[in-house]
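Notes to accompany the following structure.
A short reminder: the numbers here are calculations on the coordinates, not readings from a lab. Remember, it's a predicted structure, so these values are computed and weren't measured experimentally. Positions of Cβ are generated from backbone atoms using ideal geometry, with glycine treated the same way; all protein chains shown enter the neighbour counts.
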Amino acid sequence: IEIYSLHVDCKVTSRFAHTVITSRIVNRANESREATFEVELPKTAFITNFSISIDGEVYPGIIKEKAAAQNEYDTAVSQGQSAGLVKITDRKLEQFHVSVNIAATSKVTFELTYEELLKRQMGKYELLIKVQPKQLVKHFQIDVHIFEPQGIHFLETDSTFMTNDLTEALTKVQNETKAHISFKPTLDQQKKNSELDETLLNGDFVVRYDVKREATAGEIQIVNGYFVHYFAPQDMPVFPKNVIFVIDRSGSMTGRKIEQTRDALLKILQDLRPEDHFSFITFNNKVVEWKSSLLPATEENVASAAALVQTLTARGGTDIDGALLTAVRLLERAEGLPEHSVSMIILLTDGQPTSGERNVEVIQENIQKAINGKYALFCLGFGFDVSYKFLEKMALSNGGIARRIYENADAALQLQGFYQEVATPILMQIEMRYPENSIEGLTKNNFKLFFEGSEIIVSGKISDELDLLPVEIKAQSHMSNLTLKEEANVKEKEQVFQNQRYIFGNFIERLWAYLSIQQLLEKAISAQEKDQKALEAQALDLSLQYSFVTPLTSMVVTKPQQQEELANKPTEAG
């Protein structure tokens, strides 16, 4: 079985990435063999198309509602369940895997398409392409086309497998608004050494970039009656933070995990700003406060906290409820905190609640009642023994986010990286306003906090008769209340994307659908049951209309001899 051609073609238009992976395989044996197509794609992406072509016959994947697809599948495979086609493989990726039997000397072409909206983190967008052909490929090529009407501020490529030889196969052409990156290694360049037919191509191929920004109310882009509004202010004063770290030191954290937690906390302590206030709560079945109040992050206090962190050991049960309520009380009674400041609780745990209150629903209620919208709660789940669903619901119900920390060598870096994302709040209570009666299907337009280096994205459908789209942004910065205004000329904005060679025409509409589905699913996590159903129904309609494989849909992959398999979207919560 030989992969004779593998092409990754990625078009990024205004942060929306559309990737097509085409693999052509020939069976050189004189009997039938199994050909496999295995691709790792970003978890944040939605698969939107897949097909298998054998000897001119095309077998397309059909996207259906999950339950309907499952029923159909169960009927087809009443004997012996075949494994799902998609599974999570690491903290950023999931794997799509399909095999098909092909006759002697036959050829097969697999084609997979997925889309995602690139998320700005720490001042850059990252496009991740996983390269793992597992054999030498005669025609191997990666093409990345980027078009950013705002202008490209910087662009870099990075890879975990580059050698001097391979660098020669990499070309980068760039002007003000466009870039084309091409990676096309020959067979010789792909080889580990001249004697062996082993490939060097194994790892990550990453493109990172950022766009230029004018100091205004963000950037508005319009295509075919849909708009997207990007807002990422820069060079603004940072709000002082009041942070309470709530650290699990129960028995299951023993060994590597507690060591990595110590390493990460020591680095995070160094990153605190002098105007920040902080404290620590550690918990097993007992909850221990480091100090009875929050302390300013002076050199002395940071050193004293570092000494405590060095002594962290793990044993005992897990009282999550008691620990979080203690953190809230600490913030409630805190005195002398800066007037304009952001208060947050960062919880790190690796297990289920085993002491104190154990019912996760009761804990969620207790915490939401106690926090009452005043503080942001971030939940970090270490490893796979945590109930991620519980942590995610708790964080999203309290203005924060949840993140799983994978038990790898880089766990300390994951923890630090998370902290850096939330370390610099520069705006609070951001409200993005648009003319109510002229916009339909507006995505989320109110945000509690904005962190430096990230980006707010709002999208919607403009009614036909609108010539000018006025926008107004209201927010609190550290120094003042801001009001920013901007007016976009609809026809002029539409012109920007006319006659652009590599734009898939309705990309803002697809971006809008992608963003709407992501936000509806997120909202459903922390909603009441009856609202949850309605939100999921809306997300399902959009998933089917725009053919996205989301947690609510499945792709039925048909193969020769009427075999069927299912591709489902896995979620972090399992």
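Numbers below:
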quantity	calculated
Charged-residue dipole, Cβ positions (Lys, Arg, Asp, Glu), the chain about Cα centre, Debye nearest 20	580
Span from the the stretch 235-282 Cα centroid across to the the stretch 415-472 one, whole angstrom	29
Nearest-0.05 FRET efficiency for Lys119 and Leu187, computed from C-beta distance (R0 41 Å)	0.70
Whole-Å semi-axes of the stretch 241-423's equivalent ellipsoid (Cα gyration tensor)	22, 20, 15
11 Å cut-off, amide nitrogen to a point 7 angstrom out along Glu440 Cα→Cβ, residues in the stretch 451-466	461-464
Mean Cα-pair separation over length for the chain, i.e. relative contact order, pairs under 8 Å, 6 or more apart, %	17
Student exercise, the stretch 332-466 dipole from Lys, Arg, Asp, Glu Cβ charges, in Debye to nearest 20	260
Semi-axis lengths, Å, the chain, gyration tensor of Cα atoms, sqrt of 5 times eigenvalues	41, 30, 25
Over 26 Å between alpha carbons, listed pairs Lys43/Lys523; Lys124/Lys291; Lys66/Lys533	Lys124/Lys291
Mean-position separation - Cα centroids, the stretch 531-574 and the stretch 151-168, in angstrom	35
Estimated [θ] at 222 nm from DSSP helical runs (n ≥ 4, -39500 (n - 2.57)) normalised by residues in the chain, nearest 500	-7500 deg cm²/dmol
DSSP beta bridges in the stretch 241-423 [antiparallel fraction, %, rounded to 5]	15
Extension gain from Thr298 to Gln141, taking 0.36 nm per residue of separation minus the Cα-Cα distance	51.2 nm
Restraint check, Lys107/Lys178; Lys172/Lys448; Lys184/Lys257; Lys374/Lys530, Cα-Cα greater than 31 Å	Lys107/Lys178; Lys172/Lys448; Lys184/Lys257
Net lengthening on full extension, Lys134/Asp464 (0.36 nm per residue, minus Cα-Cα)	113.7 nm
